[in-house]
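A.B. asks: Take a look at the following structure, please.
The values are calculated or read from the model by the stated rules, or taken from the named source; none is laboratory data. Keep in mind that this is a model prediction, so the values were computed, not measured. Glycine also receives a Cβ, built like all others from the backbone with ideal geometry; neighbour counts cover every protein chain displayed. The protein model used for the area step is the full one, side chains on, heavy atoms only, and it has no ligands, DNA or RNA in it. Shrake-Rupley method; radii C 1.70, N 1.55, O 1.52, S 1.80 Å.
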Amino acid sequence: MSVLVFADSKDGKFKKTALEVVSYGKKVASQLGVNLIALTVNVNETSELYNYGAEKVLNVSNNSLSTFNANKYAGLLEQAANKENASVIIIDSSIDSLYMAPLLAVNLNAGYASNVVAAPSNTAPFTVKRQAFSNKAFSHTEIHSAKKIIGLAKNSFGIHESSVAGTTENFEANIVESNVVSTNIERVTGKVTIADADIVVSAGRGMKGPENWGMIEELAGVLNAATACSKPVSDLGWRPHGEHVGQTGKPVASNLYIAIGISGAIQHLAGINASKVKVVINTDAEAPFFKAADYGVVGDAFEVVPQLIEKLKAFKAA
Amino acid sequence: MKILVCISHVPDTTSKINFTNNNAEFDKNGVQFVINPYDEFCLTRAMWFKEKQGATITVVNVGGAETEPTLRKALAIGADDAIRINTEATDGFLVAKELAAVVKNGGYDLVLAGKESADYNGQMVPGMLASLVDYNFVNACVDIVVDDNSATLKREIDGGNETLTANLPLVVGGQKGIVEEKDLRIPNMRGIMMARKKPLQVLEATGTEATTAITSYEKPAAKGPVKLVDASNLDELISLLHNEAKVI
């Protein structure tokens, strides 16, 4: 028996979420009294994972896996889980993982709990806490199947060091065929994406028009943050849909969420509830967002934001 | 083209969420139920196919009789017929297996389903369904063009989009972008009258066992009041974010 985690990487380097799922996997493996195994794809230096508790790393090297394919990756995890007799398989909550996990669940006939936010409260029955109702509540869910898949919500468990003497072996997996073929990938370059961001700077209709987004991007630049927006702003075409944060847009689980000129509709709050610290800047002291915020500034964004940029620049330079 | 659109019956996005029975059950009191917004995008896209390329649209839901008004609304929007699988949708795997039985019997070319439901947000049913019936699958889809037996799709990836090709039969997990929100259909009076006469078939469930079970719920801990910082003293805000919250 073992616990298997998928440690995702980009350009050969582990993502922050990889270190979080390995940390989480170590906790689960300790609870079950079994070993922790990590699966990696096309990573040259895997030893970083030993620092977080991975006793064994299975690394697959294969050029055909350089572009994500849900069927192929689900096939890899299935083979690794079977090889290591894994009873619990843990993945992160990236768009790709959420695409792959249901396919893996069918392959392994495994119960799958997504949006998990804490270590299992019990291992018999195996019980996890999950986000539900678009972050307005949590559910405590028992998984009854022999094999279990856990999708760990971003920034929910944290990264915890737990050094072990690990080993890495090359994993020669069969790459399954897929009839879904990638023909082109377009990425926004030079910008921090919402998925990767620890800080998100978001703005709403209070900005009055798309021509005023320069200061939002400048503030995001100073903080190395991603930019986002409220639903009306993306509906109006001021910003791309990919930046729409909310119940039917992107969920944000950043360490810091700065909302500028956003009143705080219930659907928007549902999308940002998982963020740790919320700052609201709004002219309307009665805006509902102030009830959900940790820190607030009642003031005109056109006066507050430029000052904040200058002060943050000075703070960073100090 | 035969299209199946999977419809979840979910609380309206503005609903306050409460629980009863010692936090073991969702409190439906006073809650307005609607078509899952992600499914609504898919239904509108299906209507586009019906009107531009010719298609029949069946809508399907796993749930009790109380979900039928949601299916009737989908019929009023323009679906041709509806199927309700008569069991409680307690677990994503159970729902996928029940839907798989319908797909296997119906021989659908294209199955559209929201990438997730707005209540449990599991994001698992479309992928599990595709895998169970051995159809191709694309998730988080923001565009789909069907040409004879093949489809070109765009899906969201972290920080961009990916273009893919896949042959039918195909399951698609859709989201906003597969149609724009301004294009969503609202049932008109004629549609509502016609929907009353459209067939709604009730199928008994296959009796598959759930792999997961929710034992209780809790709400997030109440947070303290907001700390207001004067707009003329932004150094204090930076100090709070650095020293107290430790996020910058």
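A.B. asks: Nearest 100 Å² is fine: what is the total accessible surface buried where chains A and B meet, probe 1.4 Å?
C.D. replies: Working: alone 15330 and 14090 Å², together 22730 Å².
That pair of chains buries around 6700 Å² in total.
A.B. asks: Per residue, how much accessible area does region B:6-55 show when a 1.4 Å probe rolls over the protein heavy atoms, in square angstrom?
C.D. replies: Per-residue value: 46 Å².
A.B. asks: GNM, chain A, Cα, under 10 Å: largest mean-square fluctuation among A:TYR52, A:TYR99, A:TYR73?
C.D. replies: A:TYR99
A.B. asks: Per residue Cα convex hull volume for region A:128-217, in cubic angstrom?
C.D. replies: Convex hull volume per residue, Cα atoms: 303 Å³.
A.B. asks: Go ahead and estimate [θ] at 222 nm for chain B from helices alone: -39,500 (n - 2.57) per DSSP H run with n ≥ 4, summed, over the residue count, rounded to 500.
C.D. replies: Helix-only estimate at 222 nm: -8000 deg cm²/dmol.
A.B. asks: Can I ask one more? Which log10 I(q)/I(0) values, to two decimals, does region A:268-318 give at q = 0.14, 0.17 Å⁻¹ under the Debye formula with one point per Cα?
C.D. replies: -0.44, -0.62
A.B. asks: Shifting gears a bit: Give me the percent of Cα-Cα pairs in chain B that sit more than 27 Å apart, rounded to a whole number.
C.D. replies: The answer is 42 percent, as a whole percent.
A.B. asks: Still on this structure, I have one more. Which positions within region B:115-137 get 40 Å² or more of their accessible surface covered by the other protein chains, compared to the chain by itself, with a 1.4 angstrom probe?
C.D. replies: The answer is B:TYR120, B:ASN121, B:GLN123, B:MET124, B:MET128, B:SER131, B:ASN136, B:PHE137 - residues whose exposure falls by at least 40 Å² when every protein chain is included.
A.B. asks: Cut-off 10 angstrom, C-alpha nodes, Gaussian network model of chain A. Which of A:PHE133, A:PHE171, A:PHE157 fluctuates the most?
C.D. replies: The residue that fluctuates most here is A:PHE133.
A.B. asks: Considering chain A as a Gaussian network with a 10 Å cut-off on Cα pairs, which listed residue, A:SER87, A:SER178, A:SER234, attains the greatest mean-square fluctuation?
C.D. replies: Taking springs between Cα atoms under 10 Å, the residue moving most is A:SER178.
A.B. asks: Now a separate question. Which FRET efficiency value, to the nearest 0.05, do you get for B:ARG185 and B:THR206 by plugging their Cβ-Cβ distance into 1/(1 + (r/R0)^6) with R0 = 45 Å? Numbers along the way, then the final one.
C.D. replies: On the way: r = 32 Å, r/R0 = 0.71.
The pair B:ARG185/B:THR206 has a calculated efficiency of 0.90.
A.B. asks: Evaluate region A:1-160: find the radius of gyration of its Cα atoms, find its Kirkwood radius, and give the ratio Rg to Rh.
C.D. replies: Radius of gyration over Kirkwood radius for region A:1-160 works out to 0.93.
A.B. asks: Considering all alpha-carbon pairs of region B:161-248, what whole percent are spaced by more than 18 angstrom?
C.D. replies: Percentage above 18 Å: 80.
A.B. asks: Same structure, new question: Counting just the Cα atoms, what span does the protein assembly as shown cover along each of its three principal axes? Round to the nearest Å and put the largest first.
C.D. replies: On the principal axes, the protein assembly as shown reaches 68, 63, 51 Å in Cα extent.
A.B. asks: Hey, what's region A:24-139 come to in accessible area per residue, 1.4 Å probe, Å²?
C.D. replies: Result: 29 Å² of accessible area for each residue.
A.B. asks: Tell me the carbon and sulfur percent of the accessible area for the protein assembly as shown, rounded to whole percent, probe radius 1.4 Å.
C.D. replies: Within the protein assembly as shown, the accessible surface is 47 percent carbon and sulfur.
A.B. asks: For region A:143-188, with every protein chain kept in place, what is the accessible area per residue (1.4 Å probe, Å²)?
C.D. replies: Here the per-residue accessible area is 60 Å².
A.B. asks: Go ahead and run the numbers for FRET between B:TRP48 and A:ASN44, Cβ-Cβ distance against an R0 of 41 Å, rounding to 0.05.
C.D. replies: Rounded to the nearest 0.05, the efficiency is 0.30.
A.B. asks: Tell me the relative contact order for chain B as a rounded percent, counting alpha carbon contacts under 8 Å between residues six or more apart.
C.D. replies: Over chain B, the number comes to 23 percent.
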